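None of the figures in this text is laboratory data; all of them are computed from the coordinates on show. All figures in this text were calculated on a predicted structure; none of them were measured in a lab. Cβ sites come from the backbone with ideal geometry, for glycine too, and all protein chains shown count toward neighbours.
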Amino acid sequence: MQAYYSDNAVTLYQGDAWQVLRTLPGESVDAVITDPPYSTGAVTLAGKQAPPKVKYQNTGTVKQYPDMLGDGKDQRSFLTWAVMWLSEAWRVARTGAPVLIFTDWRQLPTVTDALQAAGFHWRGIVTWNKLCGRPILGEFRRDTEFIVYGSKGKYQTHTRQCLPCIYNHAVNPARKRHISGKPLPLLVELMEIVQPGGTVLDPFLGSGTTAKAARETGRKCIGVERSPEYVRIATEYLQETG
């Protein structure tokens, strides 16, 4: 498959994650770090199938983003789909490779099931504290998201550092390029789980944050993104200097 964009550290493909992953050679990446569509944001199926800008943005939000594709699945189709792409990610990953998958509290159980069904070992949960969140009167503030952590077989340790299980990073709306974009400093810190010089696979690259963080930390990235608009945005982001 022809890459849409490529430089010394990053290769970006435009297309469906599962279909592109099937073309990649086995045992060829050192880690999988990705932020797939959550298919949540509502309780009913009709609510889940609403456009992401309706589900995930407050009324009157000034900044608008391109549509995020693939975010309207019901629970059973989400699980089936997750097992499909994770099974290919397992094939492409080297033995001992770590896998990090962003999710929210609604999909946390399903993602841990899919991870194991695809063949990965589930190793734990990492918490991202967004330092802000929707207040709910009389309840707990929803200001965290989660990262499901696993590995292909026994994880091969490459560092003597003890990494934290809670990462505190606020979202900067002015820097966001994607409706569910994660802060670049967060991804930079998460790269510590990847061996120096290693290659990271991100099947849902979005606006390119994982690739940017990999390159800034001396690692490489293979990214896949289905949306032509986000492929363009990610390419422009990766070509920025400074």
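Contact order, relative form, for segment 90-242: 19 percent (alpha carbon pairs under 8 Å, 6 or more residues apart, mean separation divided by residue count).
For Y5, the residues whose modelled amide H falls within less than 5 Å of its own, excluding neighbours fewer than 5 places apart on the same chain, are L12. With loop membership from DSSP and a limit of 13 other Cβ atoms within 10 Å, the longest segment of the chain without chymotrypsin sites (Phe, Trp or Tyr not before Pro) is 1-104. Of the beta bridges in the chain, as assigned by DSSP with both residues counted there, near 50 percent are antiparallel. Restriction of the trypsin sites (Lys or Arg not before Pro) in segment 142-233 to DSSP coil positions whose beta-carbon has at most 12 other beta-carbons within 10 angstrom yields K154, R160. Proximity of backbone amide H atoms, modeled 1.01 Å from N, is registered between V32 and V99, L100, L201 at under 5 Å, excluding neighbours fewer than 5 places apart on the same chain. For R142, the residues whose modelled amide H falls within less than 5 Å of its own, excluding neighbours fewer than 5 places apart on the same chain, are R134, I136. The HN-Hα couplings worked out from phi for segment 224-235 by the Karplus form 6.51 cos²θ - 1.76 cosθ + 1.60 (θ = phi - 60°) are 10, 9, 7, 6, x, 5, 6, 4, 5, 4, 4, 4 Hz, whole numbers, x standing for Gly and Pro.
Let me know the shape class of the chain, please: from the alpha-carbon gyration tensor, a ≥ b ≥ c as square roots of the eigenvalues, rounded when a/c is under 1.5, otherwise prolate if a/b is greater than b/c, or oblate. Here the chain falls in the rounded category. Qualifying GluC sites (Glu not before Pro) in segment 67-174, where qualification requires a DSSP coil assignment and no more than 11 other C-beta atoms within 10 Å, comprise E139.
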